[in-house]
Amino acid sequence: MKKRGPLFALFLSFTLLLSGCSSITVLDPKGPAARTLSETIIFSILMMLGVLAVVYALYIFILVKYRAKKSNEGYVPPHEEGSKWLEITWITIPIIIVAILSVVTVKTTSAVEKVPEGYENQEPLVIYASSSNWKWHFSYPEEGIETVNYVNIPTHRPVEFRIYSFGPITSLWIPQLAGQKYGMSDMVNKLNVVADVAGSYVGKNSNFSGEGFAHMEFETLAMSPAEYDEWVNDVKTTAPELTEADFKKLLNTKFVGRMSFSNNHLTFSPPPEEHGHHGTSDHQENKTEHPDPATEDEAEFDSETNVDPTEPIPDFPADEESTNHEGH
């Protein structure tokens with residue numbers, strides 16, 4: 001009886017702890033890719049619960065049937081060399097379980113790597129998502145604009161994120177829309193996303209990348225096509241221009257808020273898939289490298305952006321100063 005007290009206290013603590021947790025976003029999908037992943041997770045959990053149910057049922061059965069009691073005092077079980085069929089059974093069952101999970105995982109991985117079913121004939125919206133010094137840059141080559149630390153997308157249209165990094169390896173993850181994909185400095189990874197429900201979804205860096213890792217959350221705002229077009233036009237007409245000098249300063253700045261620009265950095269600092277390096281030909285000839293986020297001193301950003309580089313990324317929704325660029 002004394003041993004049950006600590007176990008009950010431990011169980012009660014876990015119950016109280018879990019009761020305070022928010023909903024698990026990966027199980028609340030708002031797009032076909034996330035829905036496929038959610039169904040796979042639920043299927044795996046159900047299989048695990050099935051295995052546990054069988055194991056615990058057999059455990060209780062053995063305890064009850066072969067427990068010590070007065071009627072079997074002095075009983076000595078006969079010596080058994082083993083059962084061939086039992087050994088075959090407990091080897092075959094795990095093989096079947098692993099095989100089922102492997103097939104489901106391969107099918108799921110193949111499905112989320114492609115454009116979701118039903119959207120194959122639509123032209124995807126390409127967005128280059130690059131990370132630097134614990135911030136995210138989202139470049140829209142089709143619209144010719146760029147945002148920092150937030151991204152807006154239209155609903156019911158495939159979006160192709162092309163992910164890379166100006167520093168350490170990061171990982172772009174929007175749990176309610178898709179799985180994660182790594183961003184590296186020498187290659188571009190592609191992530192297909194479709195939002196079929198309008199709303200605001202949290203995105204983050206799921207790969208630890210240094211002291212500013214906690215600041216790499218961003219908002220993904222899925223809006224109707226008409227609202228998206230209106231937002232793009234607003235950014236083009238009201239947001240400042242991003243120059244190469246400003247972009248270099250922005251790369252060196254550790255923390256900034258949400259920002260919008262009426263052009264993007266792809267013209268003077270192309271992604272690695274196109275030139276095998278970041279930057280212009282001058283960078284290649286002089287062999288200049290981007291600063292190491294762990295050692296580079298914090299740079300002071302251009303005053304026209306009205307962003308203090310020492311301030312953390314603000315909570316959503318954005319402050320009044322930036323709403324005219326962010327479609328809220």
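The values are calculated or read from the model by the stated rules, or taken from the named source; none is laboratory data. Since the structure is predicted, the reported quantities are computational estimates derived from the model, not experimental observations. Ligands, DNA and RNA are stripped out before the accessible areas are found, and what is left, the full protein with its side chains, is counted by its heavy atoms. Shrake-Rupley method; radii C 1.70, N 1.55, O 1.52, S 1.80 Å.
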Partner lysines for residue 190 [C-alpha distance under 30 Å; skip if fewer than 8 residues away on the same chain]: 30, 107, 114, 135, 181, 204, 236, 248, 249, 254, 287
Classify the stretch 136-184 as rounded, prolate or oblate from the Cα gyration tensor: take a ≥ b ≥ c as the square roots of its eigenvalues, call it rounded if a/c is under 1.5, otherwise prolate when a/b beats b/c and oblate if not. oblate
Mean accessible area per residue over the stretch 71-183 (1.4 angstrom probe, all protein chains present, square angstrom) is 51
